[in-house]
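Report on the structure given below.
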Amino acid sequence: QVQLVESGGGLVQAGGSLRLSCAASGRTFSSQSMGWFRQAPGKEREFVAAISWSGGSTYYADSVKGRFTIVRDSAKNTVWLQMRSLKPEDTAVYYCAAAPHIKLATTQNEYTYWGQGTQVTVSS
(Lines give C-alpha, C1' and ligand atoms only; values in the text may rest on other atoms or scores of the structure.)
Protein backbone atom coordinates (compact mmCIF):
# COMPACT_ATOMS: atom_id res chain seq x y z
CA GLN A 1 0.00 0.00 0.00
CA VAL A 2 1.02 3.56 -0.69
CA GLN A 3 -0.26 6.47 1.33
CA LEU A 4 -0.34 9.90 -0.24
CA VAL A 5 -0.84 13.15 1.63
CA GLU A 6 -1.26 16.44 -0.19
CA SER A 7 -0.66 19.89 1.26
CA GLY A 8 -0.19 23.46 0.13
CA GLY A 9 -3.64 24.33 -1.10
CA GLY A 10 -5.36 27.57 -0.24
CA LEU A 11 -6.90 30.78 -1.49
CA VAL A 12 -4.98 32.93 -3.95
CA GLN A 13 -5.79 35.80 -6.27
CA ALA A 14 -5.76 35.39 -10.01
CA GLY A 15 -2.23 35.70 -11.33
CA GLY A 16 -0.77 34.36 -8.11
CA SER A 17 1.17 31.19 -7.36
CA LEU A 18 0.88 28.15 -5.15
CA ARG A 19 2.99 25.07 -4.62
CA LEU A 20 1.33 21.80 -3.79
CA SER A 21 3.22 18.98 -2.11
CA CYS A 22 2.51 15.26 -2.03
CA ALA A 23 4.31 13.05 0.44
CA ALA A 24 4.26 9.32 -0.23
CA SER A 25 4.78 6.66 2.40
CA GLY A 26 4.46 2.92 2.67
CA ARG A 27 5.48 0.62 -0.13
CA THR A 28 7.39 2.11 -3.03
CA PHE A 29 7.67 0.59 -6.46
CA SER A 30 10.17 0.87 -9.22
CA SER A 31 8.97 2.67 -12.31
CA GLN A 32 6.24 4.37 -10.32
CA SER A 33 4.96 7.50 -11.99
CA MET A 34 3.24 10.23 -9.99
CA GLY A 35 0.51 12.53 -11.13
CA TRP A 36 -1.77 15.37 -10.21
CA PHE A 37 -5.44 15.52 -11.03
CA ARG A 38 -8.13 18.04 -10.15
CA GLN A 39 -11.87 18.14 -9.78
CA ALA A 40 -13.87 21.34 -9.95
CA PRO A 41 -17.40 21.57 -8.53
CA GLY A 42 -19.88 19.84 -10.81
CA LYS A 43 -17.18 18.52 -13.11
CA GLU A 44 -15.37 15.27 -13.56
CA ARG A 45 -11.87 14.76 -12.26
CA GLU A 46 -9.30 15.63 -14.91
CA PHE A 47 -5.61 15.05 -15.50
CA VAL A 48 -3.23 17.92 -14.73
CA ALA A 49 0.36 16.66 -14.82
CA ALA A 50 2.49 13.54 -14.50
CA ILE A 51 6.13 12.74 -13.90
CA SER A 52 8.14 9.57 -14.38
CA TRP A 53 10.00 7.75 -11.63
CA SER A 54 13.31 9.29 -12.60
CA GLY A 55 11.79 12.70 -13.08
CA GLY A 56 13.17 12.80 -16.57
CA SER A 57 9.81 12.72 -18.30
CA THR A 58 6.82 14.95 -17.66
CA TYR A 59 3.45 15.44 -19.29
CA TYR A 60 0.91 18.24 -18.86
CA ALA A 61 -2.65 18.95 -19.75
CA ASP A 62 -2.91 21.67 -22.39
CA SER A 63 -4.81 23.88 -19.95
CA VAL A 64 -1.84 24.13 -17.58
CA LYS A 65 1.11 23.80 -19.93
CA GLY A 66 3.56 26.64 -19.44
CA ARG A 67 2.04 27.62 -16.09
CA PHE A 68 2.40 24.49 -13.95
CA THR A 69 5.55 22.49 -13.26
CA ILE A 70 5.72 19.03 -11.71
CA VAL A 71 8.90 17.90 -10.00
CA ARG A 72 9.80 15.05 -7.70
CA ASP A 73 12.45 13.91 -5.29
CA SER A 74 12.29 10.12 -5.33
CA ALA A 75 14.73 9.84 -2.43
CA LYS A 76 12.28 11.82 -0.33
CA ASN A 77 9.20 10.23 -1.89
CA THR A 78 7.79 13.67 -2.54
CA VAL A 79 6.31 15.31 -5.60
CA TRP A 80 5.43 18.97 -6.02
CA LEU A 81 3.17 20.90 -8.34
CA GLN A 82 4.31 24.48 -8.80
CA MET A 83 1.42 26.54 -10.09
CA ARG A 84 1.91 30.03 -11.53
CA SER A 85 -0.32 32.56 -13.26
CA LEU A 86 -3.32 30.98 -11.63
CA LYS A 87 -6.76 31.56 -13.09
CA PRO A 88 -10.20 31.27 -11.51
CA GLU A 89 -10.81 28.21 -13.69
CA ASP A 90 -7.96 26.47 -11.86
CA THR A 91 -10.17 26.35 -8.77
CA ALA A 92 -10.61 22.72 -7.80
CA VAL A 93 -9.67 20.00 -5.37
CA TYR A 94 -6.24 18.76 -6.41
CA TYR A 95 -5.35 15.11 -5.96
CA CYS A 96 -1.99 13.39 -5.97
CA ALA A 97 -1.84 9.87 -7.37
CA ALA A 98 0.66 7.05 -7.83
CA ALA A 99 0.87 4.52 -10.65
CA PRO A 100 3.15 1.58 -9.82
CA HIS A 101 5.03 -0.13 -12.59
CA ILE A 102 4.07 2.51 -15.15
CA LYS A 103 6.76 4.81 -16.41
CA LEU A 104 4.56 7.79 -17.23
CA ALA A 105 0.85 7.43 -16.57
CA THR A 106 -1.45 10.08 -18.01
CA THR A 107 -4.92 8.64 -17.50
CA GLN A 108 -6.89 8.09 -14.32
CA ASN A 109 -7.30 4.39 -14.94
CA GLU A 110 -3.54 3.87 -14.73
CA TYR A 111 -3.35 5.24 -11.18
CA THR A 112 -3.82 2.92 -8.25
CA TYR A 113 -3.27 5.10 -5.20
CA TRP A 114 -4.86 8.45 -4.46
CA GLY A 115 -4.55 11.11 -1.82
CA GLN A 116 -7.44 12.84 -0.10
CA GLY A 117 -7.03 16.07 -2.02
CA THR A 118 -6.28 19.68 -1.22
CA GLN A 119 -8.50 22.62 -2.11
CA VAL A 120 -7.19 25.36 -4.39
CA THR A 121 -9.35 28.44 -4.80
CA VAL A 122 -8.41 31.23 -7.18
CA SER A 123 -10.34 34.47 -6.80
CA SER A 124 -10.85 36.91 -9.64
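The values are calculated or read from the model by the stated rules, or taken from the named source; none is laboratory data. These numbers come from a predicted model, not from an experiment. FYI the Cβ positions are ideal-geometry reconstructions off the backbone, even for glycines, and counts take in every protein chain you see. Areas reflect the complete protein model, heavy atoms only, side chains present, ligands, DNA and RNA absent. Shrake-Rupley method; radii C 1.70, N 1.55, O 1.52, S 1.80 Å.
With r as the distance between the Cβ atoms of Ser85 and Gln108 and R0 = 25 Å, compute the FRET efficiency 1/(1 + (r/R0)^6) and round to 0.05. Each step should come with its number before you reach the end.
On the way: r = 25 Å, r/R0 = 1.01.
Step by step, r from the Cβ atoms, then E = 0.50.
Given the protein chains as shown and a 1.4 Å probe, how many square angstrom of Asp62 are accessible, to the nearest 10?
120
Tell me, what is the 1.4 Å probe accessible area of Glu89, in Å² to the nearest 10?
120
For the range 64-124, what does the accessible surface come to per residue with a 1.4 Å probe? Please give it in Å². Write down the numbers at each step before the final one.
Details: 2960 Å² over 61 residues.
Spelled out: the 1.4 Å probe surface of the range 64-124, per residue, equals 49 Å².
With the full set of protein chains in place, find how many percent of the accessible area of the range 1-42 is carbon and sulfur; take the probe as 1.4 Å. Please list the in-between numbers first.
Numbers: 960 of 2070 Å².
Of the solvent-accessible surface of the range 1-42, carbon and sulfur hold 47 percent.
Name the residue, out of Gly15, Gly42, Gly55, whose mean-square fluctuation peaks in a Gaussian network model built on the chain with Cα pairs under 10 Å.
Gly42
Rounded to the nearest 0.05, what FRET efficiency do Gln39 and Ala75 give with R0 = 35 Å and r taken as the Cβ-Cβ distance? Could you check? Show your work: numbers first, answer last.
On the way: r = 30 Å, r/R0 = 0.86.
Result of the calculation: an efficiency of 0.70.
Can you pull out the trypsin sites (Lys or Arg not before Pro) in the range 31-63 that DSSP calls coil and that have at most 15 other Cβ atoms within 10 Å? Before the final figure, lay out each step's value.
On the way: sites: Arg38, Lys43, Arg45; in loops: Lys43, Arg45.
In loop regions of the range 31-63 (DSSP not H, G, I, E or B), the sparsely surrounded trypsin sites (Lys or Arg not before Pro) are Lys43.
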